[in-house]
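**Q** If you scroll down you'll find the structure; I have some questions about it.
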Amino acid sequence: MLGTLLKIGKMGIKEYLQYKSVLFLFTLNRIVEVVVYIFVWYAIYNQTGQIEGFAISEIATYYILVVTLVPMSLWGINEDIAYSIRKGYISRELLNPISYFTYYFGKNLGEMGFGLLTAICTFIVCNIFWTVLMPVNIWAFIGFICILLLNIPISYFLQMIVGTCGFYTNATWGMQILRKSIISIFSGLIAPLTMFPLTFQKIANILPFKEFFYTPINIYLGKIQGVEILLIIVKQLIWVLIMYVLAKVFFNKAVKKITINGG
Amino acid sequence: MSIIEVKDLEKVYKTSDKESGIIGYVKHLFHPKYKEFKAVKKVNFNIEEGELVGYIGENGAGKSTTIKILTGLLTPTSGKVIVNGKVPYENRIENNKQIGAVFGQKTQLWWDLPVIESFRLIKKMYKIPENEYRKNLKKFSNLLELDELLNKPVKNLSLGQKMRCEIAATFLHNPKIVYLDEPTIGLDVLVKERIRKFIKDINKEKNTTVILTTHDLKDIEEVCDRIILIDKGSIIYDGEKQAFKDTYGKQVLAQIRIKNKNTLITNETIEDEFEVIEETEDFLKIKFNHDKTTIMNVVNRISNFCEILDMHVQEQGLEEILKEIYRGEVVC
Ligand SMILES: Nc1ncnc2c1ncn2[C@@H]1O[C@H](COP(=O)(O)OP(=O)(O)OP(=O)(O)O)[C@@H](O)[C@H]1O
Ligand SMILES: [Mg+2]
């Protein structure tokens, strides 16, 4: 099974790399985003003098990491699922000897793989233009990686939920926007969560999206340490489970709908 | 035990009968109205291992619906299907491992990647042993002339090239049963020939059971031994192809070149057992039923009115028979 998943993932990456310039363009696009974020935040610093909990040297690293992580946290196979449903390819894919659910997890791994390539390129280029802080120690780096790995299933299951909404509404595009907005707000992408009101922070603490950006970056910077990291991992494991169950329920319902009404 | 058993199969499609506009949408929310359509009615048949079955019928007769139920893509409204001991719609993925399927132009190949990549994925997914995979790939490449195609991205292939690859992909894991829903649609004569030959060869070698739907009756003529004919959801014929032709194909068409005609033959022969379809000074086209008269009788009769120069007699093919059945001129 793992062999099949990795093969699908590899094919997904190859699909991107068919177009030679794609990695360069995606990276360039990331760098431009970094520039915009950093200019905005330097301006805010100049106006207000300081930001809750972050030094100016840290905020640059924070945003370089945010932009680096976007491909792995926000991208995915939503579009592919919507496409497969709309064009009826799903009926062909349901005849594979592995489940559609597994098949698309493989495809998502491909997206993540290409995301990682883009992330690495972005990170390296950023190091040329700015001073990017390194992880405070090896444990911070390991914690950072663990959190990111656990995001993969959470993000995938969420995408499956949003994707299968394509069976009930034609507005998958709107659902995508909603998904991205919710993640952007609650993950610390728009601004470090310490800058939001307390009630908001409490909600963000419960939801899994904080772990997409805010948590791993703070672990990287050494602001979250020790047992706290373990607790966060436990929280993520619980969310993996919740999202898995939800995704399975949504998915099975969708498949039932096809097998009753036809594709 | 038959490899495919279909018993009292019925499929009713429900479609929501929504009025247009927002008001219709809201109405539908509170009083959902559904239209029902019975696409398959009390269908029964058994198929034995190794059979080559042509599943034919008019557009909308219910062929694809039946195939989708057999593959487990659709759940029947009532009745039962057992494929090699498994109920496909209850155990789809297990069933998928033993079957192959082609649905018209819905490809299982990855669009942006060379064909061979998709083949390798199939090898992984179906756990095809390395030597078996190599053997099949080599054989299929020969039969379908794939050598030049395997390293090209799928998106760069022509329709016929794509279908050849698709067929190869479908047989790669040595499926016990293969469903082909209109595999030859839009292909040129040579590609069709090649695909037909491929199906026959593989069937002979591996005893693969094949169910084929098509509107090109030459596919059926050349590939299948057995015909199942479905009309408006019901099976109206199930049996050997030859028996089908013998039973329903009794009309004979004769084209006769003549000379020195002395009368209007159409009028003279109104009472006869043959029917004149077309008459000119030097040409006659007639139709008669093999059961009621013989060629000799016809020739004798016509030579009363003219000199016969040449004659071309044509037995009815599948196509003509089906045309008459579809038009309701012949009843099964
Ligand atoms: N998902 C669906 N919802 C409602 N009606 C459907 C659905 N799919 C098929 N039908 C109807 O069921 C009937 C049988 O369709 P089916 O696709 O099985 O025909 P077919 O024999 O394969 O025809 P063709 O030769 O055109 O492919 C048609 O009248 C069709 O309109
Ligand atoms: Mg059809």
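**Q** Being more than 16 Å from ligand 2 (Cβ to nearest atom) and closer than 24 Å to A:LEU69 by Cβ is true for just one of A:ASN261, A:ASN218, A:ASN170, A:ASN252. Which residue is that?
**A** Details: A:ASN261 fails: closer than 24 Å to A:LEU69 by Cβ; A:ASN170 fails: closer than 24 Å to A:LEU69 by Cβ; A:ASN252 fails: closer than 24 Å to A:LEU69 by Cβ.
On inspection, the qualifying residue turns out to be A:ASN218.
**Q** Separate question: I'm trying to understand the selection: among the residues of the stretch B:137-181, which are touching a Phe, Trp or Tyr at 6+ places or on another chain (Cβ under 8 Å), assigned to a loop (DSSP other than H, G, I, E, B) and in contact (Cβ under 8 Å) with a residue 40 or more places away in the chain?
**A** Within the stretch B:137-181, B:LEU172, B:HIS173 qualify.
**Q** Something else about it: Name the pairs whose Cβ atoms lie under 9 Å apart, with the first residue in the stretch A:84-100 and at the interface with chain B (Cβ under 7 Å from one of its Cβ atoms) and part of a loop (DSSP other than H, G, I, E, B), the second surrounded by 20 or more Cβ atoms within 10 Å (Cβ to Cβ) and small (Gly, Ala, Ser), and 6 or more positions between them or separate chains?
**A** These pairs meet every condition: A:LEU94/B:GLY72; A:LEU95/B:GLY72; A:LEU95/B:GLY100; A:LEU95/B:ALA101; A:ILE98/A:GLY106.
**Q** While we're looking at this one, here's another question. Can you work out which of the residues in the stretch B:259-279 that are of a type in the set (Val, Ile, Thr), closer than 23 Å to B:GLN316 by Cα and open to solvent by less than 80 Å² (accessible area, probe 1.4 Å) is modelled with the lowest pLDDT?
**A** Kept after step one, since they are of a type in the set (Val, Ile, Thr), are these residues of the stretch B:259-279: B:263, B:265-266, B:269-270, B:276-277.
Keeping just the survivors that are closer than 23 Å to B:GLN316 by Cα gives B:266, B:269-270, B:276-277.
Within this subset, residues satisfying the condition of being open to solvent by less than 80 Å² (accessible area, probe 1.4 Å) are B:266, B:269, B:276.
Working: B:THR266: 85, B:THR269: 82, B:VAL276: 89.
In this case the residue turns out to be B:THR269.
**Q** I'd like to verify a number: residues in the stretch A:184-194 that are outside any loop (DSSP other than H, G, I, E, B), open to solvent by less than 20 Å² (accessible area, probe 1.4 Å) and of a type outside the set (S, T, N, Q), how many?
**A** Of the residues in the stretch A:184-194, 1 are outside any loop (DSSP other than H, G, I, E, B), open to solvent by less than 20 Å² (accessible area, probe 1.4 Å) and of a type outside the set (S, T, N, Q).
**Q** Only one of these conditions is not met by B:ILE220: (1) away from ligand 1 (no atom under 16 Å from the Cβ); (2) open to solvent by less than 10 Å² (accessible area, probe 1.4 Å); (3) modelled with pLDDT under 95. Which number is it?
**A** The one condition B:ILE220 does not meet is (1).
**Q** All but one of (1) open to solvent by less than 80 Å² (accessible area, probe 1.4 Å); (2) outside any loop (DSSP other than H, G, I, E, B) hold for B:CYS332; state the number of the condition that does not hold.
**A** (2)
**Q** Could you give every pair whose Cβ atoms fall below 9 Å, whose first residue belongs to the stretch A:252-263 and is within 11 Å of another protein chain (Cβ to nearest Cβ) and without any contact (Cβ under 8 Å) to a residue 60 or more places away in the chain, and whose second residue is within 16 Å of ligand 2 (Cβ to nearest atom) and of a type in the set (Lys, Arg), counting only separations of at least 6 or pairs across chains?
**A** From the stretch A:252-263, the pairs are A:THR259/B:LYS68; A:GLY262/B:LYS11; A:GLY262/B:LYS68.
**Q** Quickly run through the stretch A:157-183 and pick out the residues that are over 19 Å from A:ILE85 (Cβ atoms) and either assigned to a loop (DSSP other than H, G, I, E, B) or without any contact (Cβ under 8 Å) to a residue 60 or more places away in the chain (or both). Outline the logic, then answer.
**A** Of all residues in the stretch A:157-183, those over 19 Å from A:ILE85 (Cβ atoms) come to A:180-183.
Passing the criteria: A:SER181, A:ILE182.
**Q** Can you name every residue in the stretch B:44-75 that is surrounded by fewer than 23 Cβ atoms within 10 Å (Cβ to Cβ), within 12 Å of chain A (Cβ to nearest Cβ) and part of a loop (DSSP other than H, G, I, E, B)?
**A** Matches in the stretch B:44-75: B:THR75 only.
**Q** Report yes if B:TYR326 is in a strand (DSSP E or B), of a type in the set (Ser, Thr, Tyr) and touching a residue at least 24 places away in the same chain (Cβ under 8 Å), otherwise no.
**A** Numbers: in a strand (DSSP E or B): no; of a type in the set (Ser, Thr, Tyr): yes; touching a residue at least 24 places away in the same chain (Cβ under 8 Å): yes.
When the stated conditions are applied, B:TYR326 does not pass them.
**Q** Separate question: Collect the residues in the stretch B:76-110 that are part of a loop (DSSP other than H, G, I, E, B) and either under 22 Å from B:ASN44 (Cβ atoms) or among the aromatic types (Phe, Trp, Tyr) (or both), keeping them in residue-number order. Before you say what the answer is, go through the steps one by one.
**A** Let us first name the residues in the stretch B:76-110 that are part of a loop (DSSP other than H, G, I, E, B), namely B:76-77, B:84-85, B:87-91, B:97-98, B:104-105, B:107-110.
Answer for the stretch B:76-110, where residues must be part of a loop (DSSP other than H, G, I, E, B) and either under 22 Å from B:ASN44 (Cβ atoms) or among the aromatic types (Phe, Trp, Tyr) (or both): B:PRO76, B:THR77, B:ASN84, B:GLY85, B:VAL87, B:PRO88, B:TYR89, B:GLU90, B:ASN91, B:TRP110.
**Q** Might you check whether a residue that is hydrophobic (A, V, I, L, M, F, W, C), within 14 Å of chain B (Cβ to nearest Cβ), part of a helix (DSSP H, G or I) and loosely packed, with under 11 Cβ neighbours inside 10 Å occurs anywhere in the stretch A:1-8?
**A** Step one: filter the stretch A:1-8 for residues hydrophobic (A, V, I, L, M, F, W, C), giving A:1-2, A:5-6, A:8.
The next check asks that each one be within 14 Å of chain B (Cβ to nearest Cβ); those that pass are A:1-2, A:5-6, A:8.
In the following step, the residues that additionally are part of a helix (DSSP H, G or I) were identified as A:2, A:5-6, A:8.
With the extra rule that they be loosely packed, with under 11 Cβ neighbours inside 10 Å, the set shrinks to A:2.
Yes, there is a match, as at least one residue in the stretch A:1-8 is hydrophobic (A, V, I, L, M, F, W, C), within 14 Å of chain B (Cβ to nearest Cβ), part of a helix (DSSP H, G or I) and loosely packed, with under 11 Cβ neighbours inside 10 Å.
**Q** Return the residues of the stretch A:213-241 that are touching a Leu at 6+ places or on another chain (Cβ under 8 Å) and under 18 Å from A:PRO135 (Cα atoms); say none if nothing qualifies. First the steps, then the outcome.
**A** Step one: list which residues in the stretch A:213-241 are touching a Leu at 6+ places or on another chain (Cβ under 8 Å), which gives A:213-214, A:216-217, A:220-221, A:233, A:236-237, A:240.
Selection gives A:PHE213, A:TYR214, A:PRO216, A:ILE217, A:TYR220, A:LEU221.
**Q** So, one more: Collect the residues in the stretch B:76-111 that are free of Cβ contacts under 8 Å to residues at least 60 places away in the same chain, within 7 Å of chain A (Cβ to nearest Cβ) and open to solvent by less than 30 Å² (accessible area, probe 1.4 Å), keeping them in residue-number order.
**A** B:ASN96, B:TRP110
**Q** Let me ask something else about it. Go through the stretch B:12-43 and report how many residues are assigned to a helix (DSSP H, G or I) and open to solvent by 60 Å² or more (accessible area, probe 1.4 Å).
**A** Going residue by residue through the stretch B:12-43, those that are assigned to a helix (DSSP H, G or I) are B:21-30.
Filter again for open to solvent by 60 Å² or more (accessible area, probe 1.4 Å), leaving B:22-23, B:25-27, B:29-30.
Qualifying residue count for the region: 7.
**Q** Report, by residue number, each residue of the stretch B:65-93 that is within 16 Å of ligand 2 (Cβ to nearest atom) and polar (S, T, N, Q).
**A** B:THR65, B:THR66, B:THR71
The values are calculated or read from the model by the stated rules, or taken from the named source; none is laboratory data. Computed from a prediction, not measured in an experiment: that's the story for all the values here. Methodologically, a virtual Cβ is constructed for each residue, glycine included, from the backbone with ideal geometry; neighbour enumeration extends over all protein chains shown. Heads up: the accessible areas ignore ligands, DNA and RNA and are worked out on the full protein's heavy atoms, side chains in. Shrake-Rupley method; radii C 1.70, N 1.55, O 1.52, S 1.80 Å.
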